[in-house]
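See structure below.
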Amino acid sequence: MRRVYFDNNATTPLLPEVFEAMRPYFVEHFGNASSIHHHGQETRAAVERARESVANLLGARAADIVFTSGGTEADNLAIFGLVHPGDHVITSTIEHEAVLKSCKRLQETGCEITCVPVNGQGLIDPADVKRALRPNTKLITIMMANNETGMIQPLAEIGKIAADSDIYFHTDAVQAAGKIPIDVDEIGCDLLSISGHKFHAPQGVGALFVRKGTKLQPLLYGGSHERSRRAGTENVAGIVGLGKAAELALAAFDRGDDKKIAVMRDRLERELLKLDAVGVNGAIANRSQSSGFRTPNTANLHFDGIEGEALVIALDLKGLAVSTGAACSSGAIEPSHVLTAMGLSPEQARGSIRISLGKQTTEDDVDFALSLIPETVARLRELSPTWNTAPSSELRATS
Ligand code: PLP
C-alpha cells in the first residue's frame, strides 16, 4: 500500500546525507570525545564541527551551543537552569508541554507564572507580555513557532521588551529550526531550544543556545562536558547528524526549498477550503512567505461535524499519516489547548487535524492527500449525528 507521511511536525525522516554523515560514528569512529588519544580527538573534532554548523543555523557563536538529548531537555535546562523560588516567569497559553509542565512544576516550588493569551489567529500580543512584567520577573519564555498551527510569534518585539527590562528571554524554536531562518541576535533571545528530529536529524539530540554571560545552573551533574553546562558523554553520532541537518537546512534556504514547500502546502489548503464548513486554524495571510505568519510546512484545519481522531484513523487506513493536536488523557479525548486558547469551541478543536509537510514531500503526495481527504470527510459526515445541524457559516469565520 502506498504510504504518504504528512506528520513532519511530530517527527521527520532522516535525510540520507544525514545518515551517511552519522554512519562512521557508530562503527569506525567510536571514541569518547573526552579521551585524549587519537580515537577521542577524532570524535571531539566531529562534535566541534557540528557545533559550528548548528551555530551557523542560528546566527550564534559555536561556544554558545550546548548539545542536549532534544527539545524537551533544552527547554527544561533553560527554565530550571535560571528560575528559583520567588521568581516570576511569563509564558503563553500555547506553549508545548515541555515548557508548560516545567512552568507548572515551578509554580509548585514557589514561583509565580503568568500565561499571556493569544488572539483568534494564535498570535501573542507583545503588549500583553509588557503588561505582565513584575519587579521579580526572571524569565520570559515564548515559543517561536507553534507545533500545531505553525503560527510564528513576534519574537523580536518580545526580545526588545526583555532586553529593556533586563530579563532573560528564552524561546522554544523546536518547530522553527530548519523551517524558517533564525538569527538569535535579531530575536534578541538569551536562550533558544532546537530539536534534531524536527528537521531531518535523528531523534534524541537537540541543542540549547545559551548567550555568553547567561548564568545557567545545569540540570545534570557529572563530568565537565559541554563546559559544565550539561554533564554526560556526548551522543557523537547524533550530534554529527544534527550538524549535518543544520548545514543542509541552510543550503535549502539558499535554494528556496521552504518556498516550494509553502506552495505545496498552500495548494493543499486551497483545495481543502473548497469543502463545506472547513476553516484554517491560524492566519492565512502571507501564506507563501517563509517567514510570514506561519511556518511554510504546516496546515491546521477544522472540519465541521467530524471528530479529528476518526479522520486521522480513516486516513491512516488508506495510507495517509496526519495528526490531531488532541491528547488522550484518562481515556477521554481532550481538545487541543492551543486551539481552545485561540477561541475554538471544544467541538471545533476536536474536529481539527494538522497536516505537516517535509523536505521529502512531493506534488504527487499532495495529489494523494487530495484524493483521500475530501471523500473521507464526506463519508464521516454522513455517519455524524451532528453534521446536519452544524452552523457552517460561523465556523468559516475563523479562517
Ligand atoms: N517544543 C516543541 C514546540 C515541540 O513541538 C516539541 C516536540 O514535539 C518539543 C518541544 C519537544 O522536543 P523533543 O521531542 O526533542 O523532546
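The values are calculated or read from the model by the stated rules, or taken from the named source; none is laboratory data. All of these numbers come straight from a predicted model, not from anything done at the bench. When we count neighbours, we look across all protein chains shown, and the Cβ atoms used for this are built from the backbone with ideal geometry, even at glycine. Surface accessibility is based on the protein's heavy atoms, side chains included, excluding ligands, DNA and RNA. Shrake-Rupley method; radii C 1.70, N 1.55, O 1.52, S 1.80 Å.
Given the condition within 16 Å of the ligand (Cβ to nearest atom), under 13 Å from the mean Cα position of the chain (by Cα), open to solvent by 20 Å² or more (accessible area, probe 1.4 Å) and in contact (Cβ under 8 Å) with a residue 40 or more places away in the chain, answer yes or no: does some residue in the range 190-206 qualify?
yes
All but one of (1) within 11 Å of the ligand (Cβ to nearest atom); (2) out of contact with any strand residue (DSSP E or B) (no Cβ under 6 Å at 6 or more places or on another chain); (3) in a helix (DSSP H, G or I); (4) closer than 22 Å to G325 by Cβ hold for E73; which doesn't?
(4)
Restricting to the range 102-119, give me the number of residues that are open to solvent by less than 40 Å² (accessible area, probe 1.4 Å), over 10 Å from V83 (Cβ atoms) and assigned to a helix (DSSP H, G or I). Give the steps one after another, and end with the answer.
Kept after step one, since they are open to solvent by less than 40 Å² (accessible area, probe 1.4 Å), are these residues of the range 102-119: 102-103, 106, 111, 113-114, 116, 118.
Filter once more, so that each one left must be over 10 Å from V83 (Cβ atoms): 114, 116, 118.
Those left that are additionally assigned to a helix (DSSP H, G or I): none.
Qualifying residue count, the range 102-119: 0.
What number of residues in the range 84-101 are more than 18 Å from L191 (Cβ to Cβ) and crowded, with 21+ Cβ neighbours inside 10 Å?
1
Which one of these is in a strand (DSSP E or B), closer than 28 Å to I113 by Cα, of a type outside the set (F, W, Y) and more than 19 Å from the chain's Cα centre (by Cα): V89, V83? So that I can check it myself, show each step before the final result.
Values: V83 fails: in a strand (DSSP E or B).
Going through V89, V83 in turn, the sole match is V89.
Conditions tested, residue by residue: (1) crowded, with 22+ Cβ neighbours inside 10 Å; (2) touching a residue at least 40 places away in the same chain (Cβ under 8 Å); (3) not small (G, A, S).
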{"residue": "M342", "(1), (2), (3)": "yes, yes, yes"}
{"residue": "S345", "(1), (2), (3)": "no, no, no"}
{"residue": "R350", "(1), (2), (3)": "yes, yes, yes"}
{"residue": "I353", "(1), (2), (3)": "yes, yes, yes"}
{"residue": "S356", "(1), (2), (3)": "yes, yes, no"}
{"residue": "K359", "(1), (2), (3)": "no, yes, yes"}
{"residue": "E363", "(1), (2), (3)": "no, yes, yes"}
{"residue": "F368", "(1), (2), (3)": "no, yes, yes"}
{"residue": "P374", "(1), (2), (3)": "no, yes, yes"}
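Given the criterion surrounded by fewer than 14 Cβ atoms within 10 Å (Cβ to Cβ), under 16 Å from G241 (Cα atoms) and touching a helix residue (DSSP H, G or I) at 6+ places or on another chain (Cβ under 9 Å), identify the matching residue among F30, F19. Break it down stepwise before answering.
Numbers: F19 fails: surrounded by fewer than 14 Cβ atoms within 10 Å (Cβ to Cβ).
None of the others qualify; the one that does is F30.
If you take the residues of the range 120-131 that are surrounded by fewer than 19 Cβ atoms within 10 Å (Cβ to Cβ) and touching a strand residue (DSSP E or B) at 6+ places or on another chain (Cβ under 7 Å), which of them is nearest to R294 (Cα to Cα)?
Taking the range 120-131 first, the residues surrounded by fewer than 19 Cβ atoms within 10 Å (Cβ to Cβ) are 120-121, 125, 127-128, 130-131.
Within this subset, residues satisfying the condition of being touching a strand residue (DSSP E or B) at 6+ places or on another chain (Cβ under 7 Å) are 121, 128.
Values: Q121: 10, D128: 21 Å.
Restricting to residues being surrounded by fewer than 19 Cβ atoms within 10 Å (Cβ to Cβ) and touching a strand residue (DSSP E or B) at 6+ places or on another chain (Cβ under 7 Å), the top hit is Q121.
Considering the range 207-221 alone, what residues qualify as being of a type in the set (V, I, T) and either open to solvent by less than 10 Å² (accessible area, probe 1.4 Å) or not in a loop (DSSP other than H, G, I, E, B) (or both)?
Kept after step one, since they are of a type in the set (V, I, T), are these residues of the range 207-221: 210, 214.
V210, the sole residue that qualifies.
List, please: which pairs have Cβ atoms under 8 Å, are six or more places apart or on different chains, and start with a residue in the range 63-83 that is on the phi > 0 side of the Ramachandran plot and end with one that is in a helix (DSSP H, G or I) and within 12 Å of the ligand (Cβ to nearest atom)?
G70/G196; G70/H197
Determine which single condition N147 fails, assuming it passes every other condition in (1) out of contact with any strand residue (DSSP E or B) (no Cβ under 6 Å at 6 or more places or on another chain); (2) at negative phi; (3) more than 16 Å from the ligand (Cβ to nearest atom); (4) part of a loop (DSSP other than H, G, I, E, B).
(3)
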